[in-house]
Each structure stands twice: as structure tokens, then as C-alpha cells.
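Working notes, beginning with the structure itself.
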Amino acid sequence: MAHPRAGYFFFDPQDCAASEQQERRFPLSARAATFEPLLKHYIGVTQLVYTVSAASIAFGGTQGNALIVIAKLILAWSIFYGVLFCALLLWRYDEYGQDVTSYTPRWYSTIFACGFSSLTCFFVGYLVWSFGL
């Protein structure tokens, strides 16, 4: 939800609905909606990803197979990107609470890239692991 003239994004639908954008029509629920429930979902999914990845790294045997070692390294990157995603998302949402214009396209793309990289490494890691079995 970008504000086309200002160069920043809104986290909360209520802020976007209250802005001067005339071309968009929002439902009535957008006037009171916040990003907080979605934030909990994003963090929950990320916790699941790095819990499963960490368990696979810790308890998955190598059996002398190089592909499984590579898969574990890719899963470690998944954990790294997931933690970075959560940390940046929480930090930017806190900053957004102080200044609505602080969530710029650069921050949006950085956070999106971290989340997407975490999920991509997760899937690629298990794909490589399956070839190593």
C-alpha cells in the first residue's frame, strides 16, 4: 500500500484508509485494522521455519554425504534470513509507530527480500537434502 506522492508505505490499513488517496476504496474494517495480527502470523511462520531447520541441522545425520552437508548449510542460511526478517520487521514496525513516513520502499524491499530468502533457502535446502538421500 504505497502512498504515490510521498514515497513510503503504510503498515496499518487504518493509516492508508485515512490518507488522501482518492483512487482506492477500502472496506469499513480498514478504519480500525492494524498490522499487529499479521505481524504475529509472520513471526509464527518464521519460527516454524527456523525450528524445523534447526532440528534438521542438529538431528539429521550426514552419513558422509556431501549433499546433506550442503543442505544443512542452506538451511542455516534459512535460519539467518528468518531471524533477520523478524528483527527488521519488528524494528521497522516500532519505528513506524513513531513516524509513519519511515517505512520507505528501500526498507520494504529489504524486509521482503529477507522473508523471501528465508523461505527459498528452506525449500531449496530440503530439495537438496532429498537428492542426498
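Read-outs throughout are calculated quantities, based only on the coordinates presented, and are distinct from any laboratory measurement. Bear in mind the structure is a predicted one, so any value in this text is a computation, not a measurement. FYI the Cβ positions are ideal-geometry reconstructions off the backbone, even for glycines, and counts take in every protein chain you see.
Quickly estimate the mean residue ellipticity at 222 nm for the chain, helices only: each DSSP H run with n ≥ 4 gives -39500 (n - 2.57), and the total goes over all residues, rounded to 500.
Rounded to the nearest 500, it is -24000 deg cm²/dmol.
Could you derive backbone 3J(HN,Hα) for region 99-113 from the dihedral phi with the Karplus parameters 6.51, -1.76 and 1.60 (θ = phi - 60°), listing whole Hz in sequence and x where the residue is Gly or Pro?
The phi angles translate into 8, 4, 7, 7, 8, 7, x, 5, 5, 4, 5, 5, 5, 4, 5 Hz.
In degrees between 0 and 90, to the nearest 10, how far off the longest principal axis of the chain does helix 36-59 point, with axes built from Cα atoms?
10 degrees
Under a plain spin-label model, where a point goes 7 Å from the Cα along Cα-to-Cβ, how far apart in nm are ALA66 and THR110?
About 3.7 nm separates the two model spin labels.
In degrees from 0 to 90, rounded to the nearest 10, what is the angle of the helix 66-98 Cα long axis to the longest principal axis of the chain?
Rounded to the nearest ten degrees, it is 20.
Multiply the residue gap between VAL83 and ARG25 by 0.36 nm, knock off their C-alpha separation, and tell me the result in nm, one decimal place.
17.4 nm
Just one of (i) 1.10; (ii) 1.33; (iii) 1.00 is Cα Rg over 2.2 N^0.38 Å calculated from these coordinates, so which is it?
Recomputing Cα Rg over 2.2 N^0.38 Å here picks out (ii).
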